[in-house]
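The values are calculated or read from the model by the stated rules, or taken from the named source; none is laboratory data. All values derive from a computational prediction rather than experimental measurement. Every residue, glycine as well, gets a Cβ built from its backbone with ideal geometry; the counts of neighbours run over all protein chains shown. Accessible surface is based on the protein model in full, side chains and every heavy atom, while ligands, DNA and RNA are left aside. Shrake-Rupley method; radii C 1.70, N 1.55, O 1.52, S 1.80 Å.
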Amino acid sequence: MSTQRPTPTHTTTADQPAADAARPAVSVLGLGLMGQALAAAVLSAGHPTTVWNRTPSKAADLVTSGATLAPTPHEAVTASDLVIVCLTEYDAVRTLLEPLADALRDRTLINLTSGSSAQAREVAAWAAERGIGYLDGAIMAIPPVVGTPDAFILYAGERARFESAEPALRALAPAGTTHLGADHGLSSLYDVALLGLMWGTLNSFLHGAALLGSAGVPAAEFAPFANQWLASVTGFVSAYATQIDAGGYPADDAKIDTHLATMDHLIHESEAAGITTALPHFVKDLASRAIAAGHGTSSYAALIEQFRKPDTTDPAAPNA
Ligand code: FVH
């Protein structure tokens, strides 16, 4: 992943271009690590940019680069039709925005704070009741990547609202600005689904690195093979997605029975190396349950049925 970050153009506040249809004014509330990157990206793209932060000193670099620091959140909101908010969590967003409802009316509010789908839908309902256009977004990038072609940001909410904001939003993710659908909860759901994918993948890499490390293999020697294998795994993802949506799991590649035997090898090698077996045991448990449900000769995609079940602690329950 590239860590290139756009360098803000150095202009004085007086040089700040007037808002026009192509580059409408944008306000950014919240200048943590991410908020500063968001504001720098819109500023670099030529949008007149107003910023506000509870701790004003965090705006110093942006102001040097040409942003206008609003003394109050109300003044930040009224400076632009497009208002981006990125705080630590939703409760802080609600507390900040509640007294600004009148000022936000008829503007587009874009919330890029991480939270749950329920919180996103709740803020959307609050905004709808007050005549505020609302998009909820999930940033799939770290701050240095914002504004580069590697960034992608997923938005949920009314499509027409997204389309009118899209040209400005492209400043944040020039090659990855996507509308998911009208349900405001979708961005949060995608966010955690993708983060879960990342953690699952990284945990498996780390387990493999620990296993190979026990034989004196440096992680840097394992990494190229891990990356090559991950490229193959992306092919499995596409093929299994088709099977999941079709509700049938023909084992064109390997049966779950075959996977299970190899999972035992991973457990035994981990035991022999003196490293944790928690992850391979979890993986084997899922496969065993799928086999118990009659999917021994199905493809690996049949495990979806195990993921669809709630957890239970009752050993007599079918999912236990
Ligand atoms: N940083 C990242 O890589 C991830 C990438 C994916 C998306 N996340 C989410 O972005 C939200 C903000 O994250 P951040 O990295 O900018 O976080 P901080 O640097 O800690 O900045 C937090 C800002 O929130 C302000 N703030 C917090 N509570 C309040 C409040 N009650 N009232 C007003 N502002 C508040 C804080 O202000 P201050 O402490 O500077 O005065 C910062 O501006 C987050 O949801 C990530 O999950 C980032």
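What to note about this one:
- Whole-number accessible area per residue in Å² for segment 214-307, which is evaluated in the context of all protein chains at 1.4 Å: 59 Å²
- Using a Gaussian network model of the chain in which every pair of alpha carbons under 10 angstrom is joined by a spring, one finds that among His179, His47, His265 the greatest mean-square fluctuation is at His265.
- Environment charge at Leu112 (Cβ cut-off 14 Å; Lys +1, Arg +1, Asp -1, Glu -1): -3
- Label-zone membership for segment 72-114, site Leu33, 7 angstrom Cα→C-beta point, backbone N under 16 Å: 86-89, 113-114
- Residue-level accessible surface for Thr68, protein heavy atoms, 1.4 Å, Å²: 50 Å²
- Per-residue SASA entry for Asp311, accessible area with 1.4 Å probe, Å² rounded to 10: 150 Å²
- Anchor Lys284: lysines whose Cα lies under 25 Å away (excluding residues fewer than 8 positions away in-chain): Lys255, Lys309
- Most simply put, the chain has about 25% antiparallel DSSP beta bridges, counting only bridges with both residues inside it.
- Counting protein heavy atoms only, the chain has 59 percent of its accessible area on carbon and sulfur, 1.4 angstrom probe.
- Here the dipole of segment 16-183 is about 200 debye; that uses its Cα centre as origin and unit charges on the Cβ of Lys and Arg (positive) and Asp and Glu (negative).
- Rounded to the nearest 20 debye, the dipole magnitude of segment 173-302 is 60 debye, with +1 charges on Lys and Arg beta carbons, -1 on Asp and Glu beta carbons, and the Cα centre as origin.
- Alpha-carbon centroid distance for the pair segment 105-164 / segment 271-293, whole angstrom: 39 Å
- Rolling a 1.4 Å probe over the protein heavy atoms leaves Trp199 with an accessible area of roughly 140 Å².
- Heavy-atom accessible area ranking, 1.4 Å probe, most first, across Val85, Val192: Val192, Val85
- Sorted from longest to shortest, the spans of the Cα atoms of the chain along the three principal axes equal 69, 46, 32 Å.
- Residue-normalised accessible area of segment 16-183, given per residue in Å² at a 1.4 Å probe: 39 Å²
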